[in-house]
1. Return 69, 145 ranked ascending by Cβ neighbour count within 10 Å, so the fewest neighbours appear first.
2. If each residue of separation counts as 0.36 nm, what is the full-extension length gain between residue 129 and residue 223 once their alpha-carbon separation is subtracted?
3. Between residue 166 and residue 259, what's the calculated FRET efficiency when r is the beta-carbon distance and R0 is 35 Å? Round to 0.05.
4. How do 136, 266, 234 rank when sorted from fewest to most other Cβ atoms within 10 Å of their own Cβ?
5. Give the distance, in whole Å, between the Cα centre of segment 220-246 and the Cα centre of segment 68-104.
6. Using θ = phi - 60° and the Karplus form 6.51 cos²θ - 1.76 cosθ + 1.60, what ³J(HN,Hα) does each residue of segment 175-185 get, whole Hz, x for Gly and Pro?
7. Among 151, 137, rank each residue by its count of other Cβ atoms within 10 Å, from fewest to most, as a rough exposure measure.
8. Would you mind getting me the FRET efficiency between residue 241 and residue 87? Use the beta-carbon distance for r and R0 = 25 Å, nearest 0.05.
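Bear in mind these aren't lab numbers, they're just calculated from the coordinates by the rules spelled out. Everything quoted here is computed from the prediction, not taken from an experiment. Ideal geometry is used to build each Cβ from the backbone, glycine not excepted, and the neighbour counts take in all protein chains shown.
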Amino acid sequence: MSRTGRVFSLLLVVALIMSVFALGGCATEQPAEEPTGEGTTTPASEIKLIEPGKLLVGSDTAFPPFESMNGDVAEGFDVDLMNAIGEKLGLKVEFKTEIFDTLISTLQAGGKFDVIASGMTIKPDRQELIDFTDPYYDSNQSIAMKKGSTYTGPEDLAGKKIGVQSGTTGEAWAKESIKDAQLVPFKNATDAFAALAAGNVDAVVNDLPVTTELLKQDDRGLEIVAQIPTGEQYGFGVSKDNPGLTAAINKALAELKADGTYAEIYKKWFGIEPPAE
Ligand code: GLN
């Protein structure tokens with residue numbers, strides 16, 4: 001190779017190296033990944049699932065019209081909504097019955113279900129343990145008693161036996177608002193109402209839409225004596241280790257609200273249009 005030839009090749013190599021750097025500059029236009037200190041980064045979009053292709057759902061399936069068992073098939077507002085979310089995410093949804101009070105600790109322990117769909121109220125103390133999706137239903141509390149009972153305010157229940165579902169917002173309200181209440185905890189709402197009908201408790205404090213549903217076709221002589229406007233909102237619960245799943249459910253939920261599917265499911269179970277956002 002002549003001397004000019006060598007100089008030319010050298011220039012060519014320099015030019016090539018510079019163009020590689022220029023291209024590299026383009027390629028790094030994606031947002032730089034935040035260092036985690038562990039040498040790895042988890043992309044925000046990653047969804048962790050216990051079983052590939054499946055969304056396993058933990059639920060206290062004795063809480064109509066949100067979830068109840070029809071034979072061995074779960075049905076209800078939460079069930080339809082979860083199935084619609086699963087469809088958007090390309091996942092097969094499977095409900096697993098759990099006692100309400102153990103849902104959060106079981107989700108945290110991992111390995112049994114990916115998400116909680118159980119008429120669960122979003123509350124700060126729960127948010128310390130798990131993440132919640134955006135709210136999907138507005139709820140309140142209620143007090144039910146035997147027909148003919150007088151109820152003018154929580155003071156009428158002072159010292160009385162109050163049936164509640166363990167670990168619920170109804171239990172928390174009763175504890176706070178009824179003086180010297182003797183709280184009688186049950187594993188689910190249906191058991192609490194059976195105790196009320198049997199005269200084993202004087203009143204049951206429970207989520208209003210569920211008590212309304214449970215007493216709709218009930219001939220045991222029970223009635224709602226008070227509605228308590230607690231202004232609760234239900235959300236789906238997801239492990240704090242799985243932010244990708246929370247984000248994916250939120251995205252699907254927003255799409256279902258925008259395309260009318262949410263309203264359709266709401267009307268099916270509550271007979272009315274959902275409240276305006
Ligand atoms: N919404 C109530 C709560 O979160 C009750 C839920 C339930 O019993 N499934 O505590």
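1. Arranged by neighbour count, lowest to highest, 69, 145 become 69, 145.
2. 30.3 nm
3. Computed FRET efficiency for residue 166 and residue 259: 0.40.
4. 266, 234, 136
5. Centre-to-centre distance over Cα atoms comes out at 15 Å.
6. Once rounded to whole Hz, the list reads 4, 7, 9, 10, 5, 6, 4, 9, 6, 10, x.
7. Ranking 151, 137 by Cβ neighbours within 10 Å, fewest first, gives 151, 137.
8. The calculated FRET efficiency here is 0.50.
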